[in-house]
Structures are given as structure tokens and as C-alpha cells.
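Below: one structure, written as C-alpha cells.
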Amino acid sequence: MNTLPINWLTEGLLDFEYKKYILLAYLQAVKSEFGQHRLYPVFSDLIMHYRNLVQIKEHKQLVYEQFPQRISRADFEKLELVYQKIVEDDETMAQIEEIIQYASPLFSETLEEGKELYEFVESHLEITPVGITPIYHNEGYLFLDAFPGKETQVYLYRITVFKNTYEQYRGINTEHVQTVRRGLSLTHENLKVQLIKERKDLPNPATFAVISKVPVPLEQSLLPIAKRTLVKYVARLSA
């Protein structure tokens, strides 16, 4: 896919028509991914670019927390120095602001498309506990059923909780265990019993099945949204 460099506003030729060209090419590629129901990683990348654009527009500065993990603190500091020089140049900054004014509504429009796709997929997911659910929900198995098909993707999941002064965040890590074919003799309940027998490290695991009612790509949409759905579901159980 045609990606947008992290420092696309400042690198290369600082020309409105040039920046417009690379931005439109990027957004066209993003919309092409959305058209194929592929949300990730393009949606999170799009959100990062938009947040950074808003931050620059409002505060004329770059914020490290808005950048993805692939950029190091050292690389960010170099980028910040370059940007600071641009901010101090009134003529150059005027060009940057012109680009921002043009780009902001386009980012907003494309983000809305991504949000609608996310909500469409999420609204067609059904999540249910499998068997008896123990008190501890932050570790266990996620059974993921794509549509159509009779296969179940089995993942081991772990939810971690991060706290700061103001908020609490939940993150989730998954590890693919196996792919199984469901049938009359292998229901979700039977699969859970089988896993308990085979994997003694989790004698009483929380287990949840997420079933998709619409066909979407597994890695680029179904799994990421199913993980977030599971986090929200477990949070409600723990409340």
C-alpha cells in the first residue's frame, strides 16, 4: 500500500501542489483498503497522522506520544528540531498551514469512513462465554469464527491493565494456538474441554467465542476488532 511518511509535512519539497499529490495518493490507497474491508494497520496509521496534524494546527508542535512505536525517541527529537526551524520561519510556516487547512477535512472524511467500517464489523460480531466463566477473566482462550466457514481460530489471550493518575487502560495480547474444524462432535464447549486436557497450565480458563456474521479479512479486520470487543466485554464483567 502507498504509505505516508511520518514527517510528510516537513520532508522533501515544501510545495502545496506536491504535498497535495502525496496526500491524495495516500488517502486513495487507504480508501482502497477500506473498500476491501481491511481496516488494519491503515486505520491506526490514519488516526496517528490526523492527531499529529491537529496537534500541529493547535499548538504548532509535534507530540511524541502521537507517533507509532516504530519511531524512536532519538528519531523524534531530530524531527522536532527540523520542525522547530520551520515554525520559526514565517513564510515556510504559512505554507505548512495552507497544507494543514487543505488536509484536515480530507483526513476527517476518510477517518469517518474507517469508523463506519469498524462499527459495521463490530455490530456484526456476537460474543458469548463458553462453559462456566471463572472469576478471573484476564487470561484464557478466544475462539474466533469467521464467516462463512466451519473453522475456529483458537487464541490464548492475556489482558493487561495500565493505570495513570487520570485513567485506566486495557491492552490485550493474543497467541494463535491452533485452527480447528467445528462439527457435531466438536462444539465450542467440547473444544474447551479438549484444551483443558491438553494444556495443564490453564486448568480453569475463561473462554469466549466471537462469531462474525459478515465476511471480513481475518488479520486486517476480524481479529483486531474481536480483540477490542473482548476487552470491552471482560471490562464489563469485571466492573
| task | For THR128, state whether it is open to solvent by 30 Å² or more (accessible area, probe 1.4 Å) and modelled with pLDDT of 95 or more. | result | yes
| message | What's the number of the only condition in (1) modelled with pLDDT under 95; (2) of a type in the set (A, V, I, L, M, F, W, C); (3) surrounded by 12 or more Cβ atoms within 10 Å (Cβ to Cβ) that ALA74 fails to meet? | response | (3)
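Among the residues of the stretch 177-194, is there at least one that is basic (Lys, Arg), closer than 12 Å to GLY140 by Cβ, open to solvent by 40 Å² or more (accessible area, probe 1.4 Å) and modelled with pLDDT of 95 or more? I'd like the intermediate steps shown before the answer.
Quick first cut of the stretch 177-194, residues basic (Lys, Arg) only: 181-182, 192.
Pick out the ones that are also closer than 12 Å to GLY140 by Cβ and you get 192.
Filter once more, keeping what is open to solvent by 40 Å² or more (accessible area, probe 1.4 Å): none.
Scanning the stretch 177-194 turns up no residue that is basic (Lys, Arg), closer than 12 Å to GLY140 by Cβ, open to solvent by 40 Å² or more (accessible area, probe 1.4 Å) and modelled with pLDDT of 95 or more.
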| What tally of residues in the stretch 1-39 results from selecting those that are buried (at least 18 other Cβ atoms within 10 Å of the Cβ) and either in a helix (DSSP H, G or I) or modelled with pLDDT of 90 or more (or both)? | 10
| Of the residues GLU116, GLU112, GLU151, which is loosely packed, with under 15 Cβ neighbours inside 10 Å, among the charged types (D, E, K, R) and touching a strand residue (DSSP E or B) at 6+ places or on another chain (Cβ under 8 Å)? | GLU151
| note | THR207 vs (1) free of Cβ contacts under 8 Å to residues at least 40 places away in the same chain; (2) touching a strand residue (DSSP E or B) at 6+ places or on another chain (Cβ under 6 Å): all pass except (1)
| request: Starting from residues that are surrounded by 15 or more Cβ atoms within 10 Å (Cβ to Cβ) and among the β-branched types (Val, Ile, Thr), keep the ones in the stretch 91-109 and report whichever is nearest to PHE16 (Cα to Cα). | output: ILE99
| Given the structure, is ARG199 under 24 Å from the mean Cα position of the chain (by Cα) and either closer than 15 Å to LEU156 by Cα or open to solvent by less than 10 Å² (accessible area, probe 1.4 Å) (or both)? | no
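Among the listed residues ASP45, ASP15, which satisfies the condition of being within 17 Å of the chain's Cα centre (by Cα), more than 16 Å from GLU116 (Cβ to Cβ) and in contact (Cβ under 8 Å) with a residue 24 or more places away in the chain?
Values: ASP15 fails: within 17 Å of the chain's Cα centre (by Cα).
Exactly one of ASP45, ASP15 is within 17 Å of the chain's Cα centre (by Cα), more than 16 Å from GLU116 (Cβ to Cβ) and in contact (Cβ under 8 Å) with a residue 24 or more places away in the chain, namely ASP45.
The values are calculated or read from the model by the stated rules, or taken from the named source; none is laboratory data. Everything numeric here is computed off the predicted structure, so don't read it as measured data. Virtual Cβ from ideal backbone geometry, glycine too; neighbours counted across all protein chains shown. Only protein heavy atoms, including side chains, enter the accessible area calculation; ligands, DNA and RNA are left aside. Shrake-Rupley method; radii C 1.70, N 1.55, O 1.52, S 1.80 Å.
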